[in-house]
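I have placed the structure first, in the form of structure tokens, so that the comments after it can refer back to it.
Just so you know, all these numbers are worked out from the coordinates, no wet-lab data involved. Keep in mind the model is a prediction, meaning the values are calculated, not measured. A quick note on method: Cβ atoms are made from the backbone with ideal geometry, for glycine too, and the neighbour counts reach across all protein chains shown.
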Amino acid sequence: MTFKEATSRFPSGVVIATTRDAHGKSWGFTASSFSSVSLDPPLILICLSKAADCHQVFRSVPWFAVNILSAADEPIAGTFARRGADKFAQSSFDVDEHGSPLLPSAVATLTCQRFDAYDCGDHSVIVGRVSVARLGPDNDPMVYSGRAFGRFAAAAERNALTPPQALMVPPDREVSGNRAAAEGEAVRFCFRCGCEISLDVPQGDTLRRPICQRCGNVHYINPTVVVGCIARAADGSVLMCRRQISPRRGYWTFPAGFLECGESAEEGARREAFEEARAQVRIDGLLCIIDVPQISEVHLVFHGALTGSGLATTAESSEVALIAEADVPWESLAFTSIRESLRRYFDDRRQGRMRVHRIDLRTAPESENRDFAAQARLEAPTP
């Protein structure tokens, strides 16, 4: 279980922080790492990645606003979680007395004066002193858990729940039936109303899916997307990391991991390179599309180049190295997908032509076919 996977299971509210810089440009980002800190004085904190486009702006502006989102604000939450989008063009905003944009549909808004800011690893913790707090529409607040947006049931609905679990309502999702049936057996209660579910074929469908016996809600389960990048240095060596986390702790890999909500595949690959090795990479193209249907995963592997020299070990990597093809530790690679991607990368490079490869890992020997989630299950400690 990785640190990110563990913390993703902690449900939290969702906010959009907004501000306006000295040139009159509006900035904003979506965050779930938000908390009240003190009542006297009234202080809040919000965490912002140092890789975010707006990081330096929020570290320097004297005033900003926090918009606490309702469940109906999911589309705008996704917009503000992405890079490069014209975030303020798709919704109308009011402004507070300091010019920070306020979202009318937010369940509450806070105008904050920057009180302090701290460096904390790859994030900054920004503390704000609340000068004005406003209540918005009395709607269900948005919740983020398990890499999905959802909502809390209304009070009357919660009081009627038996049992009180599973108040999260994830968005409807589609998937091939094998994983839906397999994971559906582990889903005991409805995400919408909390009642027991059963596996059945919905009307008009052809696959068994988890269905609530009370409200009829169908719980669709998506395949998981893994993204990574083989990044070359100027001398032709490639960036590799020795894993410091399970699964496959101590084995070698190039930076790769699960795609997060609100980011493109290339953005996810660049983020993984930074999180695992503090590497800045340029994506040059797609190398491999890898199907792992037996565990409902799709892997997208890119090739690219390192754009900086600042590599470092992290909580996820005990060792980071630039490794030439002749020195690749083939017998100590973490996953079949890593080995197959590296083989095709070096073959293409020798031929002077990079191609896009389709790989189906159902053809790999069963003893080797233990990528990511499957290996995590195999290495889980016995109770």
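At full extension, residue 349 and residue 199 could sit 49.2 nm farther apart than now, given 0.36 nm per residue minus the alpha carbon distance. With θ taken as phi - 60° and the Karplus curve 6.51 cos²θ - 1.76 cosθ + 1.60 applied, the whole-hertz 3J(HN,Hα) list for the range 309-318 is 10, x, 9, 7, 6, 9, 4, 9, 10, 7 Hz, x standing for glycine and proline.
With θ taken as phi - 60° and the Karplus curve 6.51 cos²θ - 1.76 cosθ + 1.60 applied, the whole-hertz 3J(HN,Hα) list for the range 336-350 is 4, 5, 5, 4, 5, 5, 5, 4, 5, 5, 5, 4, 4, 5, 5 Hz, x standing for glycine and proline. Counted by neighbouring Cβ atoms within 10 Å, the residues 19, 224 run from fewest to most as 224, 19. At an R0 of 45 angstrom, the distance between the Cβ atoms of residue 86 and residue 235 translates into a FRET efficiency of 0.65.
What you get for the range 3-142, charging only the Cβ of Lys and Arg (+1) and of Asp and Glu (-1), is a dipole of about 320 debye around the Cα centre.
Taking 20 °C and 1.002 mPa s as conditions, the range 224-361 diffuses translationally at an estimated 146 µm²/s according to Stokes-Einstein applied to its Kirkwood radius (Cα pairs).
By the count of other C-beta atoms within 10 Å, a proxy for reagent exposure, 278, 362 are ordered fewest to most as 362, 278. 3J(HN,Hα) along the range 209-222, derived from phi through the Karplus expression 6.51 cos²θ - 1.76 cosθ + 1.60 where θ = phi - 60°, amounts to 9, x, 10, 6, 6, 9, 9, x, 5, 9, 9, 7, 10, 8 Hz, with x in place of Gly and Pro. Modelled spin labels at residue 118 and residue 260, positioned 7 Å past Cα toward Cβ, are 2.0 nm from each other. Considering only 239, 252, 269, and ranking their Cα positions along the charge dipole of the range 227-278 that arises from unit charges at the beta-carbon of Lys, Arg, Asp and Glu, the one farthest toward the positive end is 252.
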